[in-house]
Amino acid sequence: MKNRLVLPAPSLQGEAKEVSKYLIINKMIELKNIEKYYATKGIKHYVLRHVTTNIKQGEFVSIMGPSGAGKSTLLNILGMLEEPTYGSYEFMGEDVTTLNERKRIELYRNHIGFVFQAYHLIDEMTVYENIEAPLLYKKIGGSERKSRIADLLDRFNIVAKKDLFPNQLSGGQQQLVGIARALAAQPTIILADEPTGNLQSAQAEEIMALFQKLNREEGITIIQVTHSEKNAQYGNRILHIADGVVKDDIAIA
Amino acid sequence: MFKLNLKIALRNLWRNRIITSINVGGLAIALAAFILVVMYFTYETSFDKTNPNYNNIYVVGRIYPDFKTNYTSPPFAKAIKQNFPEVENAGITKRGFFEFTMKNGKNTLFAKNFMQADYNAAKILDLKPTGGLEKPAGEVDRLSYLSEESMKVLYPNKTDNKPEMVGMGSSNSGITSKINGSIINNLHSNITFDGISIGNEIGQGENYGMNNYTTYIQVKPGTDVANLEQKITKLYRNELLKGETDQKTIEEIKSISTFLDPLSNQHLKPKAGNDAPYKILIALSVLGILILVIACINFTNLSIAQATKRAKEVGIKKVMGAYRFQLTTQFLAEIFIQCLFATVLALIVAELVLPYFNNLFQINLSVWHIDNDLIWQLPLILCLITLIAGIYPAIVLSGFKPALVLKGNFSTSKQSYWLRNSLLVFQFSIAVIFIIGLFIINSQLKYMRSEDLGFTANQVVYIKNQTLFNNPVKFGSLNFESVRDKILKIPGIKSATVATDVPDGAENGTNGYTFEGVQSSLDFVDVDFDYFETLDIKLKQGRFFSQSFSTDTANSAVINESAVAKYGMKNPVGKTIKGCNIDYKIVGVIKDFKAQGFESAVQPTIYTIKNPCGNYKTQIMLKIEENKMADALATLKAQWPQINPKDGQDFRYEFLDELYGKLFKKQEQLQSVFFAAALLTIFIAILGLFAFAKYITNGRIKEIAVRKILGASDIQIFKLINRSFLVMVLLANVISWPVAYILTKKWLETFAYRIDLPVLPFMSSALITILLTVITVSIQAKKAVKANPVDALKYE
Ligand SMILES: Nc1ncnc2c1ncn2[C@@H]1O[C@H](COP(=O)(O)OP(=O)(O)OP(=O)(O)O)[C@@H](O)[C@H]1O
Ligand SMILES: [Mg+2]
């Protein structure tokens, strides 16, 4: 059952097509000289400076670095939740700084899935409804919605919990729901901030394995922030951030 | 999406059901009050609106240098119609100045206002006799109608609309009169009557001096009214100037002008008259709006209290692809559900309260009738309160940037701190103003009830009477002596008198009097012996009227202190005051007494027994011993036809203290309204505070737990939670004191006799609000304090 995956867009299926797609969107994310500072009392506190990097379609990137290094900030910028104070950012060939709110929300609906460090489930909604919410915004039909959610509940082993509210779940279970929600809309890219931060190691490994599978079999681009060297090994690239700059950019075989 | 949102909204409301019901209940009550105000407002502003020519009808009045009046003379209307083509129609009416007694067998009707109108006026005013308005046949023929209610009194079983012959006066008078049918007496009109008599022309032969009529004109649509007004003034002066040669009179006439007052003004703010009803209406509307706003603020404040939580929801939904307007509509829909529910509840509450409201304002409103304006007003109100209550979440909450709210320790408290606190302060300020107002109105009313009036109305019975007792005999009046003798034979009746006026607040007549060469106008009251004794009025100098002085019925006068002061008299007793071509000898000075209530100062007044220039002496007053009151009244009723044969067999009386008490009615109305308003605002504000405090303490449970672990005592925590609320309530008091001071001072100034502005209400309002706040907040704080810190910190 575990491998009964939700099928992504047909164009991404099969090796040959994946390759061709891979060639077309060579640069899914292109950052040039990204800077981010917070001005407090007129003094600029730089969180990021001169971050320049490309992330291609189908990559599985882990961002690492010490606490306060700016990892979450960088991920937020990638997710267009925050704007850089300087530099240019192109997402799928489009300049993000010129995007209007409506366009950005279209991107959220169709391409980007978020997994938050603090889960961020909606407390007033049940597990089922939390997973359903992005599908509703995407205007996906009722039966399609039902089958997708059933799949995800099944895959994450939380069928029994579907009518519970977030505060009735353990931290790890909430994180699972958060991931299921991110996957529900079948995004082309997943941005995950310490997705396994609250999970016990066995569970963490399962999630990582799942990410790897999504990345390999469905070509979903994954960018995760993690503190764990072991988790980072599931991906194919590690960006080390320290003092606001990319210190190391290592490819994993 | 909408279905899910709705489901979640309902679930949310249910989960916070106590707070929800508090909010919805508070709003429902406020809305009920507002609905009543709206209904009252609609009612008060739509008098005569059913008249098809509502917007083109004007009353023609006259302006003298020192007063304005609606009373005009019969020839004026005719002249206006003849001279100005833009005046489509002009007619006159005349109020009934006498109370008619009408009889049909055993049924008796006392028609207080049997009006007269010419056919034109009847047409302008859209009078509707059953079967339609008919034109009287000849020059002098009249068509008389009784209002449907009056007709019911005389002919309870009448079903046809045939003319009837009714007896006039007592049953042995032998006078009958023809009533042509019944007529609708629209109580929602400025023209009301018990009966009306319509002629082709009324007031024939009366000249420009007979200003006893009201003139109505109907102009053609689009008429330049200001211009017409000027033309009518010119016409009026010309008419008066005809044949006038006396230079002084000509000058006087030139100072008179006329005005046109729209029919729509007549009920609330007639140009000739006072606009107190209008002011009261406006004040009432302001009260209603304030109460509603205060209830809406509860919603906003609760939204603010929940904001941190809701902001997270906003952030998440946005990154999942929700547009801002979707969130806005979601929030509005949530508020709308509650408002809708509140509206339904409000209608029920309004329906329950309506009888009291109708009773208080002496009207007859009802919620459930087809042409009720509420049908379109209510949805409007509903949308409005949804907007007011939902504006904060709809605009501010929905605008949160996801990055801000989703990042770690986001808290909206800083941004909304000012807004939420100012809203609370505003609510409490209004409540404080109402409390102070209520206290001050109460003190003034208490003062009015307990203050020495200068006369005693207790145990004084006022008898309605139609016989004239003027002396010397005038228009076939009788001498009161024989009536008095017969009355005094009844055990328990201590004294009896008759006068032109009773001290019931009504204004007296005025006339010019000269004292030592100084001419001035004085109020006059024509009395009989025992007038002062019956009313227990205090003597200051000299003596009262007495039968042992034969001159008293000829030229003796008693004046009051104010009259002495007005002329600056020294030792007035024995001196002469001249009026109505009589040299009156002042025999006594009485202390002032408040015949006109507390609003106007006691007028300088002269009391005489003989006054050829005076009014009809018809008002009989008796002083009766308390314990023999019932017997005496029964005997009077039985013997009345023998005692006072000309009045007929209908003995009707009122107690003077009740009559005088009616003067306080307006103030008592105000007191009731204020009482309700103050209670409501406090109640609603406290409800809001309760819910608000609940949220705040819930939000601080973790903080409280940590403090407790760090060793804070319960008292310290109570203080901590109460402090910020106390500061706000104190601030509210400080803000509202000057406002309340100015408002109540203004109100007190409408009384000639009033209390000094007391300090106590200001102190009490502070005390009350502080106490209520501490209690309300502490109830919530108690839960947080009692909670086990471990529970609160478990999910850290
Ligand atoms: N709104 C803000 N104002 C000022 N400084 C901020 C703000 N948000 C973040 N910072 C600062 O930016 C820096 C980077 O924050 P960020 O959350 O990106 O760190 P991180 O690498 O994700 O750390 P962690 O591993 O602990 O999650 C921190 O030093 C933080 O103090
Ligand atoms: Mg972080």
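Can you tell me the relative contact order of the range B:466-646? Whole percent, Cα pairs under 8 Å, sequence separation 6 or more.
Working: 356 pairs, mean separation 59.0, N = 181.
Once normalised by length, the contact order is 33 percent.
Rounded if a/c is under 1.5, else prolate if a/b beats b/c, else oblate: with a ≥ b ≥ c from the C-alpha gyration tensor eigenvalues square-rooted, which is the range B:210-274?
Values: a/c = 2.48, a/b = 1.71, b/c = 1.45.
The shape class here is prolate.
Roughly how many Å is it from the Cα centre of the range B:561-612 to that of the range B:651-675, as a whole number?
Distance between centres, Cα-based: 28 Å.
Specify whether the C-alpha gyration tensor of the protein assembly as shown places it in the rounded, prolate or oblate class, a ≥ b ≥ c being the square roots of the eigenvalues: rounded for a/c under 1.5, otherwise prolate if a/b is larger than b/c and oblate if not.
On the way: a/c = 3.22, a/b = 2.58, b/c = 1.25.
Because a/c hits 1.5 or more and a/b exceeds b/c, the protein assembly as shown counts as prolate.
Under the rule of at least 5 residues apart or a separate chain, name every residue whose amide H is placed under 5 Å from the amide H of B:Lys494.
B:Lys623, B:Ile624, B:Glu625
Quote the FRET efficiency, to the nearest 0.05, computed for B:Leu488 versus B:Ser764 with a Förster distance R0 of 60 Å and r equal to the Cβ-Cβ distance. Walk me through the numbers on the way to the answer.
Details: r = 52 Å, r/R0 = 0.86.
Working from the Cβ atoms, E equals 0.70.
Report, in whole Å, the centroid distance computed from the Cα atoms of the range B:210-268 and the range B:295-328.
Cα centroid of the range B:210-268 versus Cα centroid of the range B:295-328: 64 Å apart.
Sticking with the crude label model, points 7 Å out along Cα→Cβ, report the distance from B:Thr514 to B:Lys628 in nm, one decimal please.
Taking the simple label geometry, B:Thr514 and B:Lys628 are separated by 4.9 nm.
Which whole-Hz couplings ³J(HN,Hα) result when phi for each residue of the range B:254-269 is put into the Karplus expression 6.51 cos²θ - 1.76 cosθ + 1.60, θ = phi - 60°, listed in order with x for Gly and Pro?
5, 8, 8, 10, 10, 9, 10, 10, x, 4, 5, 7, 4, 6, 9, 9
Return one number: the angle in degrees, 0 to 90 and rounded to the nearest 10, between the long axis of the Cα atoms of helix B:276-305 and the longest principal axis of the Cα atoms of chain B.
10 degrees
In nm, to one decimal, how far is the modelled label at B:Leu187 from the one at B:Lys279, with both set 7 Å along Cα→Cβ?
The modelled label-to-label distance comes out at 2.7 nm.
What's the extension gain from B:Gln362 to B:Lys158 if we count 0.36 nm per residue and subtract their Cα-Cα distance?
Working: separation 204, 0.36 × 204 = 73.44 nm, distance 2.84 nm.
So the chain would gain 70.6 nm between B:Gln362 and B:Lys158.
Over the range B:54-265, with every protein chain in place, what whole percent of the accessible area is carbon and sulfur at 1.4 Å, could you tell me? The partial results should precede the final answer.
Numbers: 5110 of 10400 Å².
Of the solvent-accessible surface of the range B:54-265, carbon and sulfur hold 49 percent.
Using a probe radius of 1.4 Å on protein heavy atoms only, what is the accessible area buried between chains B and A, both sides summed, to the nearest 100 Å²? Let's see the in-between values first.
Numbers: alone 38560 and 12740 Å², together 48600 Å².
That pair hides around 2700 Å² of surface in total.
Take every DSSP beta bridge with both residues inside the range B:466-646 and express the antiparallel ones as a percent of the total, to the nearest 5. Present the calculation step by step, with values, prior to reporting the outcome.
Values: 24 of 33 bridges.
For the range B:466-646, the DSSP antiparallel bridge percentage is about 75.
Which whole-number value in Å² is the accessible area per residue of the range B:54-265, probe 1.4 Å?
Ligands and nucleic acids excluded, the figure is 49 Å² per residue.
Per residue of the range B:229-242, in order, report the coupling 6.51 cos²θ - 1.76 cosθ + 1.60 (Karplus, θ = phi - 60°) as ³J(HN,Hα) in whole Hz, putting x for Gly and Pro.
4, 5, 5, 5, 4, 4, 4, 4, 4, 4, 4, 5, 6, 3
Take every DSSP beta bridge whose two residues both sit in the protein assembly as shown, then give the antiparallel share in percent to the nearest 5. Working shown, then result.
Numbers: 96 of 130 bridges.
Restricted to the protein assembly as shown, the bridges split so that about 75 percent are antiparallel.
Which FRET efficiency value, to the nearest 0.05, is calculated for B:Ile63 and A:Asn54 with the Förster distance at 56 angstrom and r the Cβ-Cβ distance?
0.05
At most 16 other Cβ atoms within 10 Å and a DSSP loop assignment: could you name the trypsin sites (Lys or Arg not before Pro) in the range B:549-619 that fit? List each step's numbers first, then the result.
Working: sites: B:Lys566, B:Lys570, B:Lys575, B:Lys578, B:Lys585, B:Lys591, B:Lys594, B:Lys610, B:Lys617; in loops: B:Lys570, B:Lys575, B:Lys591, B:Lys594, B:Lys610, B:Lys617.
Qualifying residues, ordered by number: B:Lys570, B:Lys575, B:Lys591.
For the range A:69-207, what does the accessible surface come to per residue with a 1.4 Å probe? Please give it in Å².
Details: 5210 Å² over 139 residues.
Ligands and nucleic acids excluded, the result is 37 Å² per residue.
Between B:Glu99 and B:Lys135, what length in nm is gained on full extension when 0.36 nm per residue of separation is reduced by their alpha carbon distance?
Details: separation 36, 0.36 × 36 = 12.96 nm, distance 2.63 nm.
Result for the pair: 10.3 nm of gain on full extension.
If you keep only loop residues by DSSP, which GluC sites (Glu not before Pro) in the range B:123-199 have at most 16 other Cβ atoms within 10 Å of their Cβ?
Values: sites: B:Glu134, B:Glu139, B:Glu148, B:Glu149, B:Glu164; in loops: B:Glu134, B:Glu139.
Here the sparse-neighbourhood loop sites are B:Glu134, B:Glu139.
Run the paramagnetic zone check for A:Asn33: 7 angstrom along Cα to Cβ, then residues of the range A:80-117 with backbone nitrogen under 16 Å.
Correct set: A:84-90, A:97.
I want the local charge near B:Lys128. Using Cβ-Cβ distances under 14 Å, sum +1 for each Lys or Arg and -1 for each Asp or Glu among the other residues.
-3
In the range A:25-90, which trypsin sites (Lys or Arg not before Pro) fall in coil by DSSP and have 12 or fewer other Cβ atoms within 10 Å? Before the final figure, lay out each step's value.
Working: sites: A:Lys27, A:Lys32, A:Lys36, A:Lys41, A:Lys44, A:Arg49, A:Lys56, A:Lys71; in loops: A:Lys27, A:Lys41, A:Lys56.
When the trypsin sites (Lys or Arg not before Pro) of the range A:25-90 are filtered for loop state and at most 12 Cβ neighbours within 10 Å, A:Lys41 remain.
Please state the shape class of the range B:112-209: rounded when a/c is under 1.5, otherwise prolate if a/b exceeds b/c and oblate if not, all from the C-alpha gyration tensor. Could you put the intermediate results ahead of the total?
On the way: a/c = 1.63, a/b = 1.23, b/c = 1.32.
The shape class here is oblate.
Beyond 21 Å, what percent of the Cα pairs of chain A remain? Walk me through the numbers on the way to the answer.
Numbers: 18755 of 31878 pairs.
That fraction is 59 percent.
Check A:Ile241: other-chain or 5+ apart residues with amide H under 5 Å from its amide H, H built from backbone geometry?
Amide H neighbours of A:Ile241: A:Met64, A:Gly65, A:Lys247.
When the label point is put 7 Å from the Cα of B:Ile18 along its Cα-to-beta-carbon vector, which residues of the range B:679-706 have a backbone N closer than 14 Å?
Only B:687-699 fall inside the zone, counting backbone N under 14 Å.
P(r) of the range B:466-646 in 5 Å steps, Cα pairs, percent per bin?
The percentages, shortest bin first, are 1, 8, 17, 20, 20, 15, 10, 5, 3, 1, 0.
Roll a 1.4 angstrom probe over the protein heavy atoms and tell me the percent of accessible area of the range B:466-646 that is carbon or sulfur.
Numbers: 3800 of 7800 Å².
The value for the range B:466-646 is 49 percent carbon and sulfur by accessible area.
Where does helix B:307-319 land angle-wise versus the long Cα axis of chain B, in degrees 0 to 90, nearest 10?
Approximately 60 degrees, to the nearest ten.
So, in Å, what gap is there between the alpha-carbon centers of the range A:181-222 and the range B:679-738?
So the separation of the two Cα centres works out to 46 Å.
Considering only the range B:54-265, what is the antiparallel percent among its DSSP beta bridges, to the nearest 5? Intermediate values should be presented prior to the final figure.
Working: 41 of 49 bridges.
So the antiparallel bridges in the range B:54-265 amount to around 85 percent.
Any chance you could list P(r) for the range B:27-140, counting all Cα-Cα pairs in 10 angstrom bins from zero, rounded to whole %?
Taking every Cα pair in the range B:27-140, the percentages come to 10, 26, 31, 19, 11, 2, 0.
Could you compute the net charge surrounding B:Tyr392? Neighbours are other residues with a C-beta less than 11 Å from the C-beta of B:Tyr392; K and R count +1, D and E count -1.
Working: positive: B:Arg310, B:Arg420; negative: none.
Counting the neighbours of B:Tyr392, the net charge comes to +2.
Residue by residue through the range B:715-730, what is 3J(HN,Hα) from phi via Karplus (6.51 cos²θ - 1.76 cosθ + 1.60, θ = phi - 60°)? Round to whole Hz and write x for glycine and proline.
Values, residue by residue: 4, 4, 6, 4, 4, 4, 6, 6, 3, 5, 5, 4, 4, 5, 5, 4 Hz.
Taking amide H positions as placed 1.01 Å from N in the peptide plane, with prolines and chain starts having none, which residues 5 or more places from A:Val47, or on another chain, fall under 5 Å of its amide H?
Those lying under 5 Å, H to H, from A:Val47 are A:Lys36, A:Tyr37, A:Tyr38.
Go ahead and estimate [θ] at 222 nm for the protein assembly as shown from helices alone: -39,500 (n - 2.57) per DSSP H run with n ≥ 4, summed, over the residue count, rounded to 500. Before the final figure, lay out the partial values.
Details: 31 runs with 479 residues, N = 1049.
When only DSSP H runs of four or more count, the value is -15000 deg cm²/dmol.
Computed FRET efficiency, Cβ-Cβ of B:Asp452 and B:Glu749, R0 25 Å: what is it to the nearest 0.05?
Values: r = 22 Å, r/R0 = 0.87.
Efficiency for this residue pair is about 0.70.
Just want the answer: with Cβ charges of +1 for Lys and Arg and -1 for Asp and Glu, which residue in B:Pro221, B:Asn555, B:Leu404 is farthest toward the dipole's positive end in chain B?
B:Leu404
Counting every Cα pair in chain B, what percent are over 34 Å apart?
On the way: 206182 of 316410 pairs.
Everything past 34 Å amounts to 65 percent.
How far, in degrees from 0 to 90, does helix B:2-15 lean away from the longest principal axis of the Cα atoms of chain B, to the nearest 10?
So the helix axis and the longest Cα principal axis differ by about 80 degrees.
Work through the residues other than B:Gly568 whose Cβ is under 14 Å from its Cβ and net out their charges, Lys, Arg +1 and Asp, Glu -1. Don't jump to the answer; show the numbers that get you there.
Numbers: positive: B:Lys566, B:Lys570, B:Lys575; negative: B:Glu516, B:Glu561.
Here the charged neighbours net out to +1.
At 7 Å along the Cα-to-beta-carbon direction for both A:Ala150 and A:Lys162, put a label point, then send me their distance in nm to one decimal.
Inter-label distance under the simple model: 0.8 nm.
The values are calculated or read from the model by the stated rules, or taken from the named source; none is laboratory data. From a predicted model like this one, the values you see are computed outputs, not experimental measurements. Methodologically, a virtual Cβ is constructed for each residue, glycine included, from the backbone with ideal geometry; neighbour enumeration extends over all protein chains shown. Ligands, DNA and RNA are stripped out before the accessible areas are found, and what is left, the full protein with its side chains, is counted by its heavy atoms. Shrake-Rupley method; radii C 1.70, N 1.55, O 1.52, S 1.80 Å.
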